Protein chains: 2
Amino acid sequence: MRLGLDIGGTKIDAVALGGDDAVLSRVRVATGFGSDAVVRNAHEAAIQAAEAAGASAAALTSVGIGIPGVVDARAGVVRHAVNLGLEELALGRVLSERLGASVRVENDVNAASLGAYHLLGLTASMAYLNLGTGVAAGFVSDGDVWRGARGTAGEIGHIPIDPHGIRCACGQIGCLETVAGGGWVARKWGGDAAFPVLEVFDRADAGDERALALRSELIGGAAAGVRILILTADVETVVIGGGIANLGERLLDRVRANLDELALGSQFLSSLELSSRVRLVPPGSPVAAVGAALAGDIENAPVDA
Amino acid sequence: MRLGLDIGGTKIDAVALGGDDAVLSRVRVATGFGSDAVVRNAHEAAIQAAEAAGASAAALTSVGIGIPGVVDARAGVVRHAVNLGLEELALGRVLSERLGASVRVENDVNAASLGAYHLLGLTASMAYLNLGTGVAAGFVSDGDVWRGARGTAGEIGHIPIDPHGIRCACGQIGCLETVAGGGWVARKWGGDAAFPVLEVFDRADAGDERALALRSELIGGAAAGVRILILTADVETVVIGGGIANLGERLLDRVRANLDELALGSQFLSSLELSSRVRLVPPGSPVAAVGAALAGDIENAPVDA
């Protein structure tokens, strides 16, 4: 049995996959903060997911983990996962010792990319555009993740798209993330809503001018992300995921409309048929956990066995 | 013997490659305009290159062609090569019949990418940033070209980088090409110099304000192109080629300085070590013709044999 863990800022989403790649069980456990808590809770999530699928930890063939931060997939080490309180953690080795199974660690966006590719049944090349607190992308081609030469492929959130924009946390001006990242939308919107981007969309529907402007900016940024991904890598499909993708059709329809509007003014863009190449992750589906389970299985040498 | 032809707007650059990939001969023939002229002159260039290498056309094992326009590499068909007067031409089939050898047709930027990869002895992933009249890129990974799902990979010249910029020929506003493309620099500069970008650099050296501004804009655009390529695809190396690359160190040093300056303000960019990942094509080297010869050889099924 293969397990996949998606370790997020607040919760760990764990799934067990059967031989046919079907999700046998799914559990959620609070992540906690700092190395000890994260390792303990990841272990707990793995045991629970295995048990929920009617198996013991001894039946595990592989475990895959998706986690934010800078991941050295070969060494199973995660660094700079600030939101989890991790400076550097040999997560692969530590969990492998505890679980007695091979453990592979993957960047969370790459894991989600692989999961989306699988859950949507794609076969051609794909980019996964993660619209969460920040903006990043992952690539899948021929069923495998493209990590790039130094593990930073898909960092499109830090491509500047407006020299008159605002200063990003990364130090640059007008990064894509400053218009399409949920963190920035929340900061500009203010207030203390649990889901600020959802509130912005609701208030925009009600005609609030400031909400309309912020929503329009976010949609334009998402469309710019799609355009960057297709004009650079020419992937067949861009799948939008991340927290903001929970808005579903309310997001997708507007991104497509924005791309169609851009195409009206450009025969070149029109020929790329951008809007028809954009999709959403299935709402509520455990894309990153499933992708992590697949990554734990498919990749070269396991970190430890 | 393998031949490579780089069919450009004014001349065809043809090389013959020996078994060790060494360039045995190099000839140049005027391109002409329209299907008949292009086919006739390409045939002539092939014969001359073969003869200059001491061989007859019968000794050809493969011919590769790099040509601007939209290329269907599988079918050997080139479309919309406006500067050559070609609407649609089955160049692979036609030349193959005339030469009695397999002919493979490749987009010129992709051919140049492969040639640069080879001539620089690279082994990791690479993007080739072509700064010519327009701006486009090609990707090579594991020794092979990444064409993308629909043959439009690397069209980064049409990624907008300034919403307050000028309208590009493609219909969009502020495309990268409007600041880093030689055609736009020439248009903004005016006059009738044979090499307007060279004149801009010379006049900038002499302190001309308008030239300084245009040069600075061009350098910033080239640096933006490097950043887009590495932040998206995370290629190990970006090789700058195209007509503007003939400026050599005068270009490269400024692009690197620009990237280093950006890195001063951003720890994130600094960690990517962008400036050390940029190189130039060897000046005057037949990158596209050599790449075409290699493409003619390495790829799947020949178009016709």
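The values are calculated or read from the model by the stated rules, or taken from the named source; none is laboratory data. Owing to the predicted nature of the structure, the values given are computational and were not obtained by experimental measurement. Quick reminder, even Gly has a Cβ in these numbers, built from the backbone with ideal geometry, and neighbours come from all protein chains shown.
Name the residue, out of B:125, B:141, B:113, that is farther than 23 Å from residue B:80 by Cα, hydroxyl-bearing (Ser, Thr, Tyr), crowded, with 20+ Cβ neighbours inside 10 Å and touching a residue at least 12 places away in the same chain (Cβ under 8 Å).
On the way: B:141 fails: crowded, with 20+ Cβ neighbours inside 10 Å; B:113 fails: farther than 23 Å from residue B:80 by Cα.
Just a single option satisfies the conditions, and that option is B:125.
Going by the structure shown, is residue A:23 among the β-branched types (Val, Ile, Thr), in contact with a Leu (Cβ under 8 Å, 6 or more places away or on another chain) and farther than 16 Å from residue A:94 by Cα? Steps first, please.
Working: among the β-branched types (Val, Ile, Thr): yes; in contact with a Leu (Cβ under 8 Å, 6 or more places away or on another chain): yes; farther than 16 Å from residue A:94 by Cα: yes.
Spelling it out, residue A:23 is indeed among the β-branched types (Val, Ile, Thr), in contact with a Leu (Cβ under 8 Å, 6 or more places away or on another chain) and farther than 16 Å from residue A:94 by Cα.
Please go through the stretch A:224-241 and give me each residue that is in contact with a Gly (Cβ under 9 Å, 6 or more places away or on another chain) and surrounded by fewer than 23 Cβ atoms within 10 Å (Cβ to Cβ), ordered by number. Please lay out each step first, then the result.
At the first step, the residues of the stretch A:224-241 found to be in contact with a Gly (Cβ under 9 Å, 6 or more places away or on another chain) are A:225, A:229-236, A:238, A:240-241.
Passing the criteria: A:234, A:236.
Can you tell me which residue within the stretch A:199-216, out of those that are touching a residue at least 24 places away in the same chain (Cβ under 8 Å) and more than 16 Å from residue A:133 (Cβ to Cβ), is surrounded by the fewest Cβ atoms within 10 Å (Cβ to Cβ)? Explain how you work it out, then say what you get.
Step one: list which residues in the stretch A:199-216 are touching a residue at least 24 places away in the same chain (Cβ under 8 Å), which gives A:201, A:214-215.
Add one more test, that the residue is more than 16 Å from residue A:133 (Cβ to Cβ), and what stays is A:201, A:215.
Details: A:201: 22, A:215: 24.
Of everything passing the filter in the stretch A:199-216, A:201 is surrounded by the fewest Cβ atoms within 10 Å (Cβ to Cβ).
Out of the residues in the stretch B:74-108 that are in contact with a helix residue (DSSP H, G or I) (Cβ under 8 Å, 6 or more places away or on another chain), of a type in the set (A, V, I, L, M, F, W, C) and within 20 Å of residue B:136 (Cβ to Cβ), which is surrounded by the fewest Cβ atoms within 10 Å (Cβ to Cβ)?
Initial filter on the stretch B:74-108 (in contact with a helix residue (DSSP H, G or I) (Cβ under 8 Å, 6 or more places away or on another chain)): B:75-78, B:84-86, B:89, B:91, B:94-95, B:98-106, B:108.
Imposing the further condition that a residue be of a type in the set (A, V, I, L, M, F, W, C) reduces the set to B:75, B:77-78, B:84, B:86, B:89, B:91, B:94-95, B:99, B:101, B:103, B:105.
Still in the list and also within 20 Å of residue B:136 (Cβ to Cβ): B:77-78, B:84, B:86, B:91, B:105.
On the way: B:77: 18, B:78: 29, B:84: 23, B:86: 21, B:91: 27, B:105: 32.
Checking each candidate, the answer is B:77.
Kindly establish whether residue A:38 is at pLDDT 95 or above, farther than 24 Å from residue A:119 by Cβ and surrounded by 23 or more Cβ atoms within 10 Å (Cβ to Cβ).
Values: at pLDDT 95 or above: yes; farther than 24 Å from residue A:119 by Cβ: yes; surrounded by 23 or more Cβ atoms within 10 Å (Cβ to Cβ): yes.
Against the criterion (at pLDDT 95 or above, farther than 24 Å from residue A:119 by Cβ and surrounded by 23 or more Cβ atoms within 10 Å (Cβ to Cβ)), residue A:38 qualifies.
Run down B:118, B:158 and say which single residue is surrounded by 17 or more Cβ atoms within 10 Å (Cβ to Cβ) and not assigned by TED's automatic domain parsing to the domain that holds residue B:251. Write out each step before concluding.
Numbers: B:158 fails: not assigned by TED's automatic domain parsing to the domain that holds residue B:251.
Residue meeting the stated conditions: B:118.
Does residue A:294 count as under 22 Å from residue B:148 (Cβ atoms), part of a helix (DSSP H, G or I) and of a type outside the set (Gly, Ala, Ser)? Let's see the steps before the verdict.
On the way: under 22 Å from residue B:148 (Cβ atoms): no; part of a helix (DSSP H, G or I): yes; of a type outside the set (Gly, Ala, Ser): yes.
Taking the combined requirement at face value, the residue does not satisfy it.
Given the criteria modelled with pLDDT under 95 and assigned by TED's automatic domain parsing to the domain that holds residue B:274, does residue B:194 qualify? Can you show your working first?
Numbers: modelled with pLDDT under 95: yes; assigned by TED's automatic domain parsing to the domain that holds residue B:274: yes.
So residue B:194 fits the description; yes.
Could you tell me whether any residue of the stretch B:5-21 is in the same structural domain as residue B:107 (by TED's automatic domain parsing), of a type in the set (S, T, N, Q) and over 20 Å from the mean Cα position of the chain (by Cα)?
no
To keep it simple, each residue is scored yes or no on (1) at pLDDT 95 or above; (2) surrounded by fewer than 18 Cβ atoms within 10 Å (Cβ to Cβ).
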site	(1), (2)
B:266	no, no
B:273	yes, yes
B:276	yes, yes
B:280	yes, no
B:284	no, yes
B:291	yes, no
B:295	no, no
B:300	no, yes
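When you go through B:163, B:196 one by one, which is the residue that is under 19 Å from residue A:156 (Cβ atoms) and surrounded by fewer than 21 Cβ atoms within 10 Å (Cβ to Cβ)? Before the answer, list the steps.
Working: B:196 fails: under 19 Å from residue A:156 (Cβ atoms).
Step by step, each of B:163, B:196 is checked, and only B:163 is under 19 Å from residue A:156 (Cβ atoms) and surrounded by fewer than 21 Cβ atoms within 10 Å (Cβ to Cβ).
Can you name every residue in the stretch A:9-43 that is part of a helix (DSSP H, G or I) and small (Gly, Ala, Ser)? Working first, answer last.
Step one: filter the stretch A:9-43 for residues part of a helix (DSSP H, G or I), giving A:35-43.
The answer is A:35, A:37, A:42.
Mind counting the residues in the stretch A:176-190 that are free of Cβ contacts under 8 Å to residues at least 24 places away in the same chain and in contact with a strand residue (DSSP E or B) (Cβ under 7 Å, 6 or more places away or on another chain)?
Number of matching residues: 0.
For the stretch B:161-179, does any single residue satisfy the condition of being among the small types (Gly, Ala, Ser), outside the structural domain of residue B:23 (by TED's automatic domain parsing) and within 14 Å of the chain's Cα centre (by Cα)? If you could, list the steps in order and put the result at the bottom.
The first filter runs over the stretch B:161-179 and keeps only residues among the small types (Gly, Ala, Ser), leaving B:165, B:169, B:171, B:174.
Next, only the ones that are outside the structural domain of residue B:23 (by TED's automatic domain parsing) stay: B:165, B:169, B:171, B:174.
Keeping just the survivors that are within 14 Å of the chain's Cα centre (by Cα) gives none.
Within the stretch B:161-179 (the criterion being among the small types (Gly, Ala, Ser), outside the structural domain of residue B:23 (by TED's automatic domain parsing) and within 14 Å of the chain's Cα centre (by Cα)), the answer is no, since none of the residues qualifies.
Can you name the number of the only condition in (1) part of a loop (DSSP other than H, G, I, E, B); (2) not assigned by TED's automatic domain parsing to the domain that holds residue B:16 that residue B:75 fails?
Looking at each condition in turn, residue B:75 falls short on (2).
Among B:32, B:92, B:115, B:76, which is more than 30 Å from residue B:235 (Cβ to Cβ) and not aliphatic (A, V, I, L, M)?
Working: B:92 fails: more than 30 Å from residue B:235 (Cβ to Cβ); B:115 fails: more than 30 Å from residue B:235 (Cβ to Cβ); B:76 fails: more than 30 Å from residue B:235 (Cβ to Cβ).
It is B:32.
Counting only residues that are within 20 Å of residue B:28 (Cβ to Cβ), modelled with pLDDT of 95 or more and small (Gly, Ala, Ser), how many does the stretch B:54-100 have?
So the answer is 2.
Counting only residues that are over 26 Å from residue A:267 (Cα atoms) and away from chain A (no Cβ under 13 Å), give me the helices (runs of 4 or more DSSP H) lying completely in the stretch B:107-223 with at least 2 of them. Working first, answer last.
Details: elements: B:108-119, B:177-180, B:182-189, B:196-205.
In the stretch B:107-223, B:108-119, B:196-205 are the helices (runs of 4 or more DSSP H) which contain 2 or more residues that are over 26 Å from residue A:267 (Cα atoms) and away from chain A (no Cβ under 13 Å).
Quick check on my filter: what residues within the stretch B:224-258 are β-branched (Val, Ile, Thr), in contact (Cβ under 8 Å) with a residue 40 or more places away in the chain and within 14 Å of chain A (Cβ to nearest Cβ)? Write out each step before concluding.
First pass over the stretch B:224-258, keeping only residues β-branched (Val, Ile, Thr): B:226, B:228, B:230, B:232, B:235, B:237-240, B:244, B:255.
Filter again for in contact (Cβ under 8 Å) with a residue 40 or more places away in the chain, leaving B:226, B:228, B:230, B:235, B:237-240, B:244.
Once the filter is applied, which keeps residues that are β-branched (Val, Ile, Thr), in contact (Cβ under 8 Å) with a residue 40 or more places away in the chain and within 14 Å of chain A (Cβ to nearest Cβ), the stretch B:224-258 yields B:226, B:228, B:230, B:235, B:237, B:238, B:239.
Return the only residue of A:210, A:187, A:227 being at pLDDT 95 or above, assigned by TED's automatic domain parsing to the domain that holds residue A:153 and more than 30 Å from residue A:148 (Cβ to Cβ).
A:210
Can you name every residue in the stretch A:1-26 that is among the polar types (S, T, N, Q) and either within 12 Å of residue A:52 (Cα to Cα) or crowded, with 24+ Cβ neighbours inside 10 Å (or both)? Steps first, please.
First, the residues of the stretch A:1-26 that are among the polar types (S, T, N, Q): A:10, A:25.
Passing the criteria: only A:25.
Counting just the residues of the stretch B:83-119 that are aliphatic (A, V, I, L, M) and within 15 Å of the chain's Cα centre (by Cα), which one comes out nearest to residue B:56 (Cα to Cα)?
Pass one, the stretch B:83-119, residues aliphatic (A, V, I, L, M): B:84, B:86, B:89-91, B:94-95, B:99, B:101, B:103, B:105, B:109, B:111-112, B:114, B:116, B:119.
In the following step, the residues that additionally are within 15 Å of the chain's Cα centre (by Cα) were identified as B:105, B:109, B:111-112, B:114, B:116, B:119.
On the way: B:105: 21, B:109: 29, B:111: 24, B:112: 26, B:114: 26, B:116: 28, B:119: 26 Å.
Among residues in the stretch B:83-119 that are aliphatic (A, V, I, L, M) and within 15 Å of the chain's Cα centre (by Cα), the one nearest to residue B:56 (Cα to Cα) is B:105.
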